[in-house]
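Below is one structure, written out as structure tokens, with a few remarks after it.
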Amino acid sequence: MVLSASKSDRGLGVTFRMPAGGRYVLEFAKSLGAGRWEEVGHGDGTGAVQTVTVPTSNDEQGFYRLRLE
């Protein structure tokens, strides 16, 4: 479950809670109709609140999604 997302000088920070033993994948797409999502982060769920920061540029726009595998 995504708890928050925030933009900083370091990039986009996504804070979420992922079940222990699960695996998450954070993906990016320039448009929702593109049909192609690019993996920008992944890891193992710990059951605790986690934050992943993805480097971004100021002119980059698009959509992010968090998947559980």
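Residue by residue, here is whether (1) modelled with pLDDT of 90 or more; (2) touching a Leu at 6+ places or on another chain (Cβ under 8 Å) holds:
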site: 2; (1), (2): no, yes
site: 16; (1), (2): yes, yes
site: 19; (1), (2): no, yes
site: 22; (1), (2): no, yes
site: 25; (1), (2): yes, yes
site: 43; (1), (2): yes, no
site: 57; (1), (2): no, no
site: 69; (1), (2): no, no
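Here residue 42 clears all of (1) outside any loop (DSSP other than H, G, I, E, B); (2) open to solvent by 20 Å² or more (accessible area, probe 1.4 Å); (3) closer than 16 Å to residue 1 by Cβ except the condition numbered (3). The residue that is least open to solvent (accessible area, probe 1.4 Å), among those in segment 9-39 that are aromatic (Phe, Trp, Tyr) and touching a residue at least 40 places away in the same chain (Cβ under 8 Å), is 16.
The values are calculated or read from the model by the stated rules, or taken from the named source; none is laboratory data. If you're wondering where the values come from, they're calculated on a predicted model, not measured in any experiment. Every residue, glycine among them, receives a Cβ derived from its backbone with ideal geometry; neighbour counts consider all protein chains shown. Note: accessible area is taken over every heavy atom of the protein model, side chains too, but ligands, DNA and RNA are not part of it. Shrake-Rupley method; radii C 1.70, N 1.55, O 1.52, S 1.80 Å.
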